[in-house]
Amino acid sequence: RWRRGSCAPRKMAELFSLVHSFLVANDQAKSAKALKKGCDSEISAVEGADLLAIYDAHLAENGMSDKKRAKKALPALLSLVNSFLEGKELEKAAKALRKGLETELVEVDGDSLEEIYAKHAKSSAGKKRKADASDSDSDSEEEEAPKKKKKDKKSKKQEAKAEEADSEEEAATKSETPAKAEEEEAEVAEGTPGSKKGGSKTNTPFQRITNDQVYAKVKGGQAEKDRLLDNTFESKSGDGYGSVASDILIQVRGKDFRHEKTKKKRGTYKGGPIDMSSNSIKFCNSDSD
């Protein structure tokens, strides 16, 4: 069983192969031979992968400059490989590596070699999926191209038929009797409703009851008529219980209004006295004052 953040068994075999190739490339043949003997998995070449390049890309992602990477990448990777071999109980290979080096191993903080390769494998798999998805999209577009051409041909035929029908209608309207045209001109001259040359055309909407008729029936004169047009809380001139809430709610809108309104519904709200008098608008035909 493999822990989270480490390589899967198949990827672990690839990592062993990459470590073996890295040791051979850096003149550590004895260490590579000991690794091959002590490793349970089969050592084989991995196409398109290089351990040093993978570690260099990891350092670049962590923000290390090109100059520093050129100096520190190889010594740090040798230390990581040594720690990896010791962790996998390949002490002979690790010992041969330390003997074969001319300099001492440096201390490296951060991710282990196994964690670095696990991240690389995950990112490369994601890139491969995206590439496959883009290829499939391009294939589907190529398949849809002939269908679009057929649809365009059909639409062009339909447009041509529609143009022919329009031309036939125009010819039919031109062949109407001149008497009908004279009648229309006479109607325009007389000033029929809706005509431009005749009476003036009004854009007022239809109203069964006009505003003037409503305001004329309000008791209390002009002041009460003005109050009818005002929908604010202050126009009621009473009911002190809600005045505190009105002063707060009039300053907010949208979500803030809903939030403040919910707060006022709680039992902790304290307004002014509740006024039992009627503050409604009275009309002339009202039974009570």
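The values are calculated or read from the model by the stated rules, or taken from the named source; none is laboratory data. Remember, predicted model here, so these are calculated numbers, not experimental data. For neighbour counting, all protein chains shown are included, and Cβ atoms are generated from backbone atoms with ideal geometry for every residue, glycine included. To get the accessible areas, we keep the full protein, side chains included, count just its heavy atoms, and leave off ligands, DNA and RNA. Shrake-Rupley method; radii C 1.70, N 1.55, O 1.52, S 1.80 Å.
Test of understanding: among ASP109, ASP56, which residue is within 22 Å of GLU14 (Cα to Cα) and either of a type in the set (Asp, Glu) or assigned to a loop (DSSP other than H, G, I, E, B) (or both)?
ASP56
When residues of region 61-73 are filtered for being among the hydrophobic types (A, V, I, L, M, F, W, C) and open to solvent by 70 Å² or more (accessible area, probe 1.4 Å), how many remain?
Total satisfying the criteria: 1.
Here is a list: ALA93, ALA76, ALA118. Which entry is surrounded by 16 or more Cβ atoms within 10 Å (Cβ to Cβ), over 44 Å from the mean Cα position of the chain (by Cα) and not charged (D, E, K, R)?
Step by step, each of ALA93, ALA76, ALA118 is checked, and only ALA93 is surrounded by 16 or more Cβ atoms within 10 Å (Cβ to Cβ), over 44 Å from the mean Cα position of the chain (by Cα) and not charged (D, E, K, R).
Go through region 27-42 and give me each residue that's among the charged types (D, E, K, R) and surrounded by 14 or more Cβ atoms within 10 Å (Cβ to Cβ).
The answer is LYS30, LYS33, LYS36.
Report every pair of residues separated by at least 6 positions or lying on different chains whose Cβ atoms are under 6 Å apart, first residue within region 43-60 and within 11 Å of VAL19 (Cβ to Cβ) and open to solvent by 60 Å² or more (accessible area, probe 1.4 Å), second modelled with pLDDT of 85 or more and not in a helix (DSSP H, G or I).
none
Looking at (1) at pLDDT below 85; (2) outside any helix (DSSP H, G or I); (3) surrounded by 13 or more Cβ atoms within 10 Å (Cβ to Cβ), find the lone condition where GLU14 falls short.
Checking GLU14 against (1) at pLDDT below 85; (2) outside any helix (DSSP H, G or I); (3) surrounded by 13 or more Cβ atoms within 10 Å (Cβ to Cβ), the one that fails is (2).
Provide a single number: the residues in region 245-282 that are among the hydrophobic types (A, V, I, L, M, F, W, C) and open to solvent by less than 60 Å² (accessible area, probe 1.4 Å). Before the answer, list the steps.
Taking region 245-282 and keeping what is among the hydrophobic types (A, V, I, L, M, F, W, C), we get 245, 248-250, 252, 257, 274, 276, 281.
Right, trim to open to solvent by less than 60 Å² (accessible area, probe 1.4 Å) and you get 245, 249, 252, 281.
Of the residues in that region, 4 qualify.
Is there any pair linking a residue in region 221-236 that is over 20 Å from ASP247 (Cα atoms) to one that is among the aromatic types (Phe, Trp, Tyr), with Cβ under 6 Å and at least six apart or on different chains, and which?
Listed pairs, sorted by first residue: LYS225/TYR215.
Only residues in region 14-39 that are closer than 16 Å to LEU74 by Cα count as the first member; pair them with residues that are polar (S, T, N, Q) and surrounded by 19 or more Cβ atoms within 10 Å (Cβ to Cβ), Cβ under 6 angstrom, at least 6 apart or cross-chain, and list the lot.
Hits for this filter: LEU23/SER31.
For region 79-90, name all the residues that are in a loop (DSSP other than H, G, I, E, B) and surrounded by fewer than 17 Cβ atoms within 10 Å (Cβ to Cβ).
Hit for region 79-90 is GLU89, nothing else.
Can you tell me which residue is most open to solvent (accessible area, probe 1.4 Å) among those in region 102-115 that are touching a residue at least 24 places away in the same chain (Cβ under 8 Å) and more than 17 Å from ASP50 (Cα to Cα)?
Among them, the one singled out is GLU107.
Scan region 138-154 and give yes if some residue there is open to solvent by less than 100 Å² (accessible area, probe 1.4 Å), assigned to a helix (DSSP H, G or I), more than 30 Å from SER246 (Cβ to Cβ) and at pLDDT 70 or above, otherwise no.
Within region 138-154, one or more residues are open to solvent by less than 100 Å² (accessible area, probe 1.4 Å), assigned to a helix (DSSP H, G or I), more than 30 Å from SER246 (Cβ to Cβ) and at pLDDT 70 or above.
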